[in-house]
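The values are calculated or read from the model by the stated rules, or taken from the named source; none is laboratory data. Remember, it's a predicted structure, so these values are computed and weren't measured experimentally. Note that we place each Cβ from the backbone using ideal geometry, even for glycine, and neighbour counts take in every protein chain shown. Surface areas here come from the heavy atoms of the whole protein model, side chains and all, with no ligands, DNA or RNA. Shrake-Rupley method; radii C 1.70, N 1.55, O 1.52, S 1.80 Å.
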Amino acid sequence: MAFDSLSEKLQNVFKKLKSKGVLTEDDVKEAMKEVKRALLEADVNFKVVKNFIKTVTEKAVGEEVMKGLNPGQMVIKIVRDEMTSLMGSEVSEIKLLPSNEVTIIMMCGLQGAGKTTTVAKLAGQYKNKGRKPLLVACDVYRPAAIKQLEINGEKVGVPVFSMGTANKPRDIVKAALSHAQKNDINLMFIDTAGRLHIDEGMMQELQEIKETVPVNYTILTVDSMTGQDSVNVATTFNDQIGIDGVILTKLDGDTRGGAALSIKAVTGKPILYAGMGEKLTDLELFYPERMASRILG
Ligand code: GDP
């Protein structure tokens, strides 16, 4: 289950806090030391942890908390609120253009992050909401990726626009947009090519797509199980091409939570959705408050 290992550690800290009727400043500081260790072990970004602990400690050692009826519970609430705000506070939804225009969403990410799966999940959700989506196959390096997109598109009932591997992505997106406009399509998802590592050619290609068609959203998919690596990937993509949001995949298998807790704070970009499994229905809006509850029990 998601966040199991972090969750267990934090719950142990909180159990101790709750068992004390009165809290001293030292009790809070000791507890915060343990929270800090748990977050670092969960692969949360060091600076994020430092700021988090500082804020929580400042709030928790205040008069009102320490003298309150249930200081342990109050400290836990402060942790919960700060954790929620770390992940973005509110749910961030994609804002589509009116349905008589084509909204263009470009999906990018490293190979294996879950891009092709996620783009189909998302297209399927929008189809179910009454939109007319199109999946555009732009991974011109891996015929298998195009095939996979076609299979996924069929499963979710969304058409796939492909020109094989002989054309450049910028030519494909141009043709796809005119196809969309002629066929009453109002939502276009571009499945771009990933690489195993960040690579100049990949960034250039994404930039070219952006220069060719009016991309409304650039969304990065990152594998949450890679912890801080995924945060670094998000930072690089954001610096080089500019992203509007992140989808965290494989959260179902992430016991630590480092990516979920760091990405928004480090990049300033919201987490839009969480991938919760391999099935094409396993995609949830990312609710920071619910995520904090999953972590804190
Ligand atoms: P791409 O190379 O970025 O297009 O990645 P794929 O979409 O091919 O996904 C790589 C692997 O991750 C596949 O086996 C997917 O089934 C799996 N995957 C993608 N998203 C999730 C998720 O949210 N949870 C789990 N458990 N597996 C996922």
Sole exception among (1) open to solvent by 60 Å² or more (accessible area, probe 1.4 Å); (2) touching a residue at least 24 places away in the same chain (Cβ under 8 Å) for Ser162, by number: (1)
If the requirement is being open to solvent by 90 Å² or more (accessible area, probe 1.4 Å) and among the β-branched types (Val, Ile, Thr), which of these qualifies: Val13, Val22? Val22
Which condition breaks for Lys121 when tested against (1) out of contact with any strand residue (DSSP E or B) (no Cβ under 6 Å at 6 or more places or on another chain); (2) in a helix (DSSP H, G or I)? (1)
State whether one or more residues within segment 97-111 are open to solvent by less than 10 Å² (accessible area, probe 1.4 Å), of a type in the set (Ser, Thr, Tyr) and either under 24 Å from Thr212 (Cα atoms) or touching a residue at least 24 places away in the same chain (Cβ under 8 Å) (or both). yes
Considering only segment 215-243, state which residues are over 17 Å from His197 (Cα atoms), surrounded by fewer than 21 Cβ atoms within 10 Å (Cβ to Cβ) and either without any contact (Cβ under 8 Å) to a residue 60 or more places away in the chain or within 13 Å of the ligand (Cβ to nearest atom) (or both). Gly242
What number goes with the only condition from (1) modelled with pLDDT of 95 or more; (2) in a helix (DSSP H, G or I); (3) under 21 Å from Gln125 (Cβ atoms) that Leu248 does not pass? (2)
Across (1) over 29 Å from the mean Cα position of the chain (by Cα); (2) in a helix (DSSP H, G or I), Leu69 clears everything bar (2)
With Leu134, Leu196, Leu149 as the choices, which residue is out of contact with any Cys (no Cβ under 6 Å at 6 or more places or on another chain) and assigned to a helix (DSSP H, G or I)? Leu149
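Okay, residues lined up against (1) modelled with pLDDT under 95; (2) of a type outside the set (Asp, Glu); (3) farther than 18 Å from Leu39 by Cβ; (4) touching a Pro at 6+ places or on another chain (Cβ under 9 Å):
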site	(1), (2), (3), (4)
Lys210	no, yes, yes, no
Asp244	no, no, yes, yes
Leu272	no, yes, yes, no
Glu278	no, no, yes, no
Glu284	no, no, yes, no
Test: residue in segment 114-125 that is farther than 17 Å from Thr218 by Cα and open to solvent by 10 Å² or more (accessible area, probe 1.4 Å): yes
Please verify whether Ser99 is in a loop (DSSP other than H, G, I, E, B) and polar (S, T, N, Q), treating the condition exactly as stated. yes
Hits in segment 272-297 - residues which are more than 13 Å from the ligand (Cβ to nearest atom) and of a type outside the set (Ser, Thr, Tyr): Leu272, Leu285, Pro288, Glu289, Arg290, Met291, Ala292, Arg294, Ile295, Leu296, Gly297
